[in-house]
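First the structure, in the form of structure tokens, and then the observations on it.
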Amino acid sequence: MNGGNGPLSYANNSSYQKAAVDCTKVMVNEAIVDEFDIKQLSSSTPYRIADLGCSIGPNTFIAVQNIIEAVERKYQSNGLESNIPEFQVFFNDHASNDFNTLFSSLPLDRRYFGVGVPGTFHARLFPKASLHFVYSSYALHWLSKLPKELLDTNSPTWNKGRIHYVGAPNNVFEAYSTQFRKDMHAFLDARAEEVAPYGLMALLFAVVPNGTIPSESFIYLLYERLGIALMDMANMVSLIPNTK
């Protein structure tokens with residue numbers, strides 16, 4: 001993601017992602033009300049939240065605040081306001097993420113202790129059974145790596161001139177799909193070790209229903225147009241050979 005807080009930064013160009021955070025606030029609250037068992041958390045244990053793929057804000061701060069407020073309301077509704085735990089929040093993203101901008105923009109009135117955790121969420125990041133709420137928004141649909149067969153010029157799966165599987169042969173789609181399944185298995189296996197008993201997860205990411213016609217999908221059209229633009233730019237300045 002584009003770091004900093006300038007006019008082209010992710011922080012100032014992520015209103016679409018913010019809308020998703022706002023839309024899921026009620027669902028997150030309901031999940032905590034229905035599933036969070038106060039008795040399972042010792043009064044001396046902080047409630048630990050991890051935002052995986054947090055980028056640089058401000059959406060991550062809004063999502064974290066929604067979770068914290070829901071937990072606080074759960075205690076208050078049970079007459080246990082004096083037992084509300086402390087909160088520890090882990091902000092995770094790749095090491096190349098602009099953590100400087102992230103932490104310099106932390107809300108001054110935050111009610112939690114913030115920690116940066118660089119690294120891929122497709123592997124273990126935390127000790128066993130240490131997290132009470134795992135959150136990830138608009139990050140899981142990005143693959144951990146490009147399927148290698150898409151780069152092999154001698155392979156029938158070589159995805160010439162495309163950044164996506166839109167308009168490509170079915171074996172290109174299958175290569176992307178296989179890699180996504182591997183990534184999701186790795187992600188869920190890691191979280192199965194890290195989430196505490198009775199812990200919760202909220203995962204938001206872009207999907208399309210099975211059988212969707214590409215021409216009728218906003219996501220398909222978005223990446224198709226983006227791919228065309230990138231190829232035009234590359235051809236204009238001869239950044240890559242014509243065979244790629």
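Any read-out appearing in this document is the output of simple, stated calculations on the displayed coordinates, not a laboratory observation. In this text the structure is predicted, and so the values were computed from the model without any measurement. Cβ placement follows ideal geometry from the backbone for every residue including glycine, while neighbour counts extend to all protein chains displayed.
Based on the convex hull around the alpha carbon atoms, region 59-149 presents an average projected area of 7.8 nm².
Kirkwood radius for region 46-88, taken over all pairs of different Cα atoms as the inverse mean of 1/r, rounds to 11.2 Å. Sorted fewest first by neighbouring Cβ atoms within 10 angstrom, V166, V117, V33 come out as V33, V117, V166. Exceedance of the 19 Å cut-off in Cα-Cα distance is limited, within the set K74/K128; K148/K182; K145/K182, to K74/K128.
Derived from the Cα gyration tensor, the three semi-axes of the equivalent ellipsoid of the chain are 38, 20, 17 Å, largest first. Just so you know, the Cα atoms of region 145-218 work out to an Rg and Dmax of 15.9, 49 Å.
Annotation note: trypsin sites (Lys or Arg not before Pro) in region 65-136 located in DSSP loop regions with a Cβ neighbour count of at most 11 within 10 Å are K128. Between rounded, prolate and oblate, where does region 77-130 land on the alpha carbon gyration tensor, with a ≥ b ≥ c its root eigenvalues, rounded for a/c under 1.5, else prolate if a/b exceeds b/c? Note, shape of region 77-130 comes out oblate. Ordering 168-174, 37-43 by mean Cβ neighbour count within 10 Å, with the highest value first, yields 168-174, 37-43. Distances longer than 25 Å among the Cα atoms of region 111-244: what percent of all pairs is that? The proportion of pairs with Cα distances above 25 Å equals 42 percent.
In the neighborhood of I56, defined by Cβ-to-Cβ distances under 15 Å, what is the net charge if each Lys or Arg adds +1 and each Asp or Glu adds -1? Surrounding charge for I56 is -2. Taking every alpha-carbon pair under 8 Å whose residues sit at least 6 apart, the chain reaches a relative contact order of 20 percent.
At the listed q of 0.11, 0.15, 0.19 Å⁻¹, the Debye profile of region 22-107, built from one uniform point per Cα, gives log10 I(q)/I(0) equal to -0.34, -0.61, -0.90. Shape class of region 20-60 from the Cα gyration tensor (axes a ≥ b ≥ c, square roots of the eigenvalues): oblate, since a/c reaches 1.5 or more and a/b does not exceed b/c.
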